[in-house]
Structures are given as structure tokens and as C-alpha cells.
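Undergrad: Please see the structure below; I have some questions.
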Amino acid sequence: MPRLVGGELHLPDFKLDASADSLVLENDEDLRYYRAIQARYGSDDFIVITYTPKIDLFTRESLSDLRRLRDRLYRIDSIESVVSILDVPLISSPPISLSEISSGVRTLEDPDTDISLARKEILNSLLYKNLIVSHDGKTTTLQVFFKRDETYFSLLDRRNELREKELTTELTQDESDELVNVSNEFTRYSSDLLDRKSSDIAEVRTILDRFRNKGELFLGGLPMIASDMIGFIKHDLRVFGVAILGFIVVMLAIFFHRPRWVILATLCCIVTVLFMFGYLGFVQWRVTVVSSNFTSLLLIMTLSLTIHLIERYHELHAENTDASQHFLVSETVKSKIIPSLYTTLTTIVAFGALVFSGIRPVIDFGWMMATGLCIAFLMSIAIFPSSLMLLKPKQTFRRHDFTGVLTRMFSHLVENHGKLILVLSLGIALLSAAGISMLTVENRFIDHFKETTEIYRGMEMIDRELGGTMLLDVILDADKDFLASQEDEKESAIDEETDDEPGESAGFTETGYWYDEYELDTLQSVHNYLDALPETGKVLSLATTMNMMRQLNNNKPLDNITLSVIYKKLPPDIKKKLFDPYMSEDGNQLRFAMRLYESKVPLRRDELMKKIRLDLVKNTGLSEDQFHLTGMAVLFNNMLQSLYRSQILTIGVVFLAIMLMFLILFRSITLALLAIIPNMISAGIVLGLMGWLDIPLDIMTITIAAITIGIAVDNTIHYIHRFLIEVHKNNDCIMTMKRCHASIGRAMYYTSTTVIIGFSILSLSSFIPTIYFGLLTGLAMTAALIANLTLLPVLLIKYIPGYCEKVRK
């Protein structure tokens, strides 16, 4: 638990996280491979700036403005390099030969470069078109690469190494201590790194603002998205907290009229949230965009608990007008502590089930809410009665009892139209099942953001004009037999104690599997196939480089001698740009860097990747173990595809756990089954509606079903608990139902209304999945309230006569 340090709860230690790692699967094998490829070929930790000058791009004035922008960006300490149209090598402006390349190549910054020829070369270049300049030549980009933070990756690798070892064998005490220390250090360091990166992005934006009078500028890239997501989280925490707190005050005033109830309930809510903030800061538990709504949820859940206490206090006061405050408060707590405990536990189970999702931010959200609900229960049971004891009894008089009218209407429906309720419920369940069968997980990352945000506008610009946004790499490895023969040669060389470097005598074309004239056809074939896919935008590979080299060779085929000459004579800076991103140092691995369109064509990532894997084997002769797909597109797809499994697992765990708790609470299998039915229907309604409306599952909406069941079942428990108490009075099920609607039904209406409107406030978010989450959960809670006031009592009335016979005996 958090402790006070220097008179302050750990609120300053509260941290946010919006890194790309927070949106991928936990322990994903593809994630480990992705990081290894990044380390070899360069990270995608860069931002992209699109620049559309007001005047023609290929003029001295525009290029001068671009140069000043680039140089300003270079001054930021954390930036390693900036690649712009000014820096790319030119081989036809005017043309140079293969023999001249060793002395260097021109760029747009060289005074003797012919700008008109450079324009023509760049706009027609397979390498540069739709990469650093749009097809119409009006827009260019600057790729801003950040320095690789070796400390971060060192801590990450060591933490993961110890975690993996922990899964297979028992750690020594020293290793266990090291794992704890490394994990804590990694959490702290990565948090500081995110803060620094956000500061860098802010500095970049400041620089861009100085050039907005020169043209239109947009910012994109993963670091920028992470930075803006932090802003979204802060916005959501602030807006949701203030809006829902204000909403709580208004609703309490409407429901109960007295200032005491407004103050007491609000006090419980505020103390709970502040305590939770301090706890998260103390244990260095970072909030992501998925868990950013935990404030609003915790406020709503705490208020729900206090409303049941307030309403029960009113009932007792109405029945015992002369009773002391001590009697009223103690009886309120005694009568509500068991159902409140079970409702809290069932909601904790619902959120706890999210740990089976395998998605780190969803897992954290589940544990976070489970912890918060424990705090909410303890605070409500402690603060509410102790504060109320300081006040004198005062009955709340309702001037206009709309709630009573509503609950009587539902009781009338149950009494007179029970069969119709059952038929309608069955029909709704069947329609929901049909909708669930149509659920999909495919969605566009760009659609997570509102069209007015810079993230959306920047991604849309890059997608439309500059060859796509989502990154996907295809990695080709050398043939296994070739690699085995290389190992044999190395061992022979060691035995003979030769000092020659590999390839020094034989030439790189003999030691590098792919850098060979006989493999260039395969290389070009794979490139052409990937480039022809309708989902792909820009595709870059060694094939692109080889096409440029053929130009230097008067468009003649490149034999092994020429290839060796090129590799030896090529200047290091040119080699770094044209070879290093696409081929490993030993020539035994190739990288095809692809961008996927998010907006131009329907993108079915999983289908696309399966097609690529199948076609590469079928059409190019590559074996299945000779190539890999990697990149953020793969990681994002893995997360999306896991949602089906996660949805089934989480709902399954919730139902089983809640059924077990119902059995313990009600000691009846039949009652447990009856109690779960209305909640299954309410969860089914929202999932079915998502299927019918083609709203895909995502990292937010996956939580709706489990959360809906966990929260809605609170009303079920309170209703059945009261029903079983009331039925002892006269064993008349219909009268029992009417009394329950008039008493606990009122509290159910208050709490559900609070939850429904509270969730609707989430529509103020800038993150589209959060908006869907709020509106759909509000809808599910509406369905749950109606089901618990109609279907549940109908089922109980059909069951309860047998129970009444047991009571008489």
C-alpha cells in the first residue's frame, strides 16, 4: 500500500505510458525477432515531416528553406540524423559512370548539380519517388532519426533474459534479486525516456511552427504518435475526472436532494481515486491509453457502492423513524456489507479475467481496476458510515418520485406479460448470436484517431502521397546448405591458422549468398511480387539499389566482378544509405522494407500475410523457413488476431468465476444459472450489435463484455439477495417482486443510471476506441438494467415457488 513520504502521497510519481510496446502482445516471439532486426538494420524510431512549400519545391528558395529546417532539427541533441531530399545521392544530374562513383556522388546541395536534371531523376527514381518526394513533386519528407539508447535496450534485454529463464528453471537468489532490480530500473528508465522523447517532439513542433508560413507541414511516426497519445491520456484523465465528478454531484443532488449525501458520496469517490493515484505512483505502475479511463470507472464503481448504502439507510429510516443514528448506520452496514462484498468481488473477477488477454495494456488495466475496486470497497465501508455517525438522522423526502413510477411500470410488465418477456429475450439472444458470428478484428490504425488530430492528418498525408504508413518487412535468409558450407570453411581456416578475413581473397560475391549475380533474379522477383500487391505502397530492397547500379553500368547486367568492384569502391556514406538498410554485413540476409496503405484499399493484414507466405514458397522456390515477416504490421496483427481468443477466454473465465460465487452466495445451482442469464443477454447484445454494425474488436472494445457482466451482475446480486429475504415474509412471489422493485429496484435504477451516463462521458475522448468503449458499455448497462428488472424477476417467479415450499418446511 502507498505510504506518506514527506507529508505527500506518491502523486508526483504517477506516470503515463504510450509507447509502441504498450500496444503489442506480451511474450510475443515476433516481438523478439522484430527487435533483433531493428538492431541489425536500423530502428523505426524516427519521425517523418512532410513539407509542401507554397512555391515550387525545386527552386533555390524552397531548397534553402528546407536546408534551414533540416539544420535546425540537427541541433536537437537526441537526433542522430536527418534524411531529406538535399542529402540523397544523385547519379544522373549530370550522369556519372561506375568508375566515377568511388570519388563520391552529387547531392542537391552541390553547386554544380543541375536542379532540372535532379528534379527529373528524383521524380522518376524507383528509390526516391513516393519515399522522399510525392509523385507530383509538390511534397517532400524529412526522416528524423533518434539516437539509439543503448541503456534502454541493455536493461530490456537483461530483464527479458531473466524472465525467460524464470519460466524454464528456478532462479538463484542473486538472479531473483537482479530481476527485481533490473525490472524496477527498466520501468524508471523507460518512463524517463518517454518524457525526454515527448520533450524532443515538442521541440520539433516548435521548430516547425517557425516554418509554417513557408508551406504546409505535417508530423508523423511512432515517437510522435506515442507523444500525442500521452497528451490524449492526460486529456482523458483530466476531462473524465472533472466531468464525472461534476456529474456525480448533479446526480446525487437529483436523487437524494440533501447536501449531506452529495458530500459524503463525493468524499468517498475522491479519497478512493486519490489513494489509487498514490498507489500507482508508489509501485511505478504506468497508465496507458487503455487504462486511462480507470479514473472514471473507479469513480462510478465507488459511487455505485455508496448509493446502495444511502438507499438502504433511507429504507431503514422510513421503517424506524425514531431510531438512533447508531442503529440506522450499523443496520445499514450489516445488511449491505455481504451483497456489497460479493458485488465487488464479482466485478474484480470481471476485470481480473482481462489478464488472460495476453495484451500488456489490457492486462495492466485488469489488475489496476481489481486493485482500485478493493480500495473502493474498503473506503466506502470505512468513510461512509464513520462520517455519517457525525450527523443526526434526517429523512430525505422525494418531491417527484419518477423512479417509483418507473419501477412500478417494470413490475407491472413482469406481473402481466411474463411470457412476452421470455419470448422477446429469446429473440434478442438469437439476434445477438447472429451478430457475434459476424464480429471481426480487422481495423485501420488510422481510424483510432479523430480526423482533426495531427496523427490522423499526418498519417493520411503520408498514406496518400508518400507510399503508405504501416511498416512491414520481409526478411530472406540464405539457404541452409550454403550456411553449413560456410561454417565448414571457417573451421578449416581455423585449423590451417590462416589470417585472411572472410571474403578478402575470394570476394564478397562468393561469401555473401545474396550478393551474387545468380541470386539477383530471385531478389528482383521477390521485389516485383511485393511491389505489385495492391495493399503495398513503397517497397525498398537491395533490388532498388541494384537498379541504380545498373544505371551506372550503362544499363548492362551486373556480373560478380562488377558487383565486387561496386562493393569495394562505393563510398561509406553511400553504402550506408543504399546497402546497409537492406542487406546484412555478411550478405546472407536481405530485408525488403514495405509500407502498407491504410486508407487506399481495404487492408486485411492477416489475409495479406498468409498470402505473402504462401506465394513466396509457391512462386519463388523459397522454403518456408527461409523467410520471415516482421515489423509493426506483424505485431499489430498478432495483437488483433489474439482478440478472438482473448474474448472467449475472458468471458469464459468471468462466467465460471461468477457462477462459482453465485453457488457460494445462493447455495443453489438453479439460482446461479438463473442469475447469469440476464447478464449473458446484456453482454451478447453489445457484442451482437458490434457484429451487425461492423464495429471491429480492438484493445478497448474487447473489455466490454467482461466488464459489462462484472458490473451488471452487481444489480443481479442485490436483487436476488433482497428477493430471498422478502419472500420469507408471505411466500407470495408476485408481492415479493413488487416490494423488491419498490426498494432495491430504486437503488438499481440510481446506480445503473449513474454508470450509463458516466460511461457516456467517455465519448469526450480523442481516442476513438475509448469513445466506442464508453457508448457501447453504456448501452450494455442499459440492457442489463432492463433485463434485471424484467427477465430476472420472471425467471425467479417461475423458480421461487419450489423454494417457498422449502422455506415453509
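The values are calculated or read from the model by the stated rules, or taken from the named source; none is laboratory data. Quantities reported herein were computed from a predicted structural model and do not represent experimental measurements. Heads up, the Cβs are rebuilt from the backbone with ideal geometry, glycines too, and the neighbour counts pull from every protein chain shown. Note: areas computed on protein heavy atoms with side chains; ligands, DNA, RNA excluded. Shrake-Rupley method; radii C 1.70, N 1.55, O 1.52, S 1.80 Å.
Undergrad: Would you list which lysines come within 18 Å of residue 138, measuring only between C-alpha atoms, while excluding same-chain residues fewer than 8 positions from it?
TA: Cα-Cα hits under 18 Å: 54, 120, 129, 214, 538.
Undergrad: Return the calculated 222 nm mean residue ellipticity for the chain, to the nearest 500 deg cm²/dmol, obtained by summing -39500 (n - 2.57) across DSSP H runs with n ≥ 4 and dividing by the residue count.
TA: Values: 27 runs with 512 residues, N = 809.
After summing the helix terms and dividing by the residues of the chain, the value is -21500 deg cm²/dmol.
Undergrad: Would you be so kind as to identify which of 650, 153, 125 lies farthest towards the positive end of the dipole of the chain, taking Lys and Arg as +1 and Asp and Glu as -1 on Cβ and the Cα centre as origin?
TA: Going by the charge dipole, the pick is 650.
Undergrad: Name the aspartates and glutamates eligible as straight-distance cross-link partners of residue 419: C-alpha to C-alpha under 20 Å, and not fewer than 8 places from it in the same chain.
TA: 732
Undergrad: Separate question: Under 5 Å between amide H atoms, partner at least 5 residues away or on a different chain: which partners does residue 80 have, H built in plane at 1.01 Å?
TA: Excluding prolines and chain starts, which carry no amide H, the hits are 145, 146, 147.
Undergrad: Over the residues of region 351-447, compute the C-alpha Rg and express it relative to 2.2 N^0.38 Å.
TA: 1.81
Undergrad: So what's the angle, to the nearest 10 degrees on a 0 to 90 scale, between helix 173-209 and the longest Cα principal axis of the chain?
TA: Around 70 degrees separate the two axes.
Undergrad: Can you find, among 226, 439, 43, the residue sitting farthest towards the positive end of the charge dipole of the chain, where Lys and Arg contribute +1 and Asp and Glu -1 at Cβ?
TA: 439
Undergrad: Multiplying the sequence separation of residue 409 and residue 606 by 0.36 nm and subtracting their Cα-Cα distance, what value in nm do you get?
TA: 65.9 nm
Undergrad: Computed over the Cα atoms, what is the radius of gyration of region 306-357 divided by 2.2 N^0.38 Å, N being its residue count?
TA: It is 1.55.
Undergrad: Compute the distribution of all C-alpha to C-alpha distances in region 228-366, in bins of 5 Å from 0, and list the percent of pairs in each, rounded to whole numbers.
TA: Final binned percentages: 2, 9, 15, 19, 18, 14, 10, 7, 4, 2, 1, 0.
Undergrad: Rounded to the nearest 20 Debye, what is the dipole magnitude of the chain about its Cα centre when Lys and Arg each give +1 and Asp and Glu each give -1 at the C-beta?
TA: 6040 debye
Undergrad: Separation of region 126-173 and region 358-386 by C-alpha centroid, Å?
TA: First find each Cα centre; the distance between them is then 35 Å.
Undergrad: Hey, of (1) 30.4; (2) 28.9; (3) 27.5, which did the structure itself give for Kirkwood radius over Cα pairs in Å when calculated?
TA: (1)
Undergrad: Which Cα, out of 482, 180, 795, lies furthest along the positive dipole direction of the chain (beta carbon charges, K/R +1, D/E -1)?
TA: Of the listed residues, the answer is 795.
Undergrad: Within region 544-639, how many lysine pairs that are 8 or more places apart, or on different chains, have C-alpha atoms less than 20 Å apart?
TA: Going through region 544-639 pair by pair, I get 7.
Undergrad: Name the long-range amide H neighbours of residue 287: under 5 Å, sequence gap of 5 or more, or other chain; modelled H, no Pro or chain starts.
TA: Answer set, sorted by chain and number: 15, 16, 17.
Undergrad: Suppose all protein chains stay in the model; what accessible area per residue would a 1.4 Å probe give for region 111-221, in Å²? Don't skip to the answer; put the middle values down first.
TA: Details: 5810 Å² over 111 residues.
Spelled out: the 1.4 Å probe surface of region 111-221, per residue, equals 52 Å².
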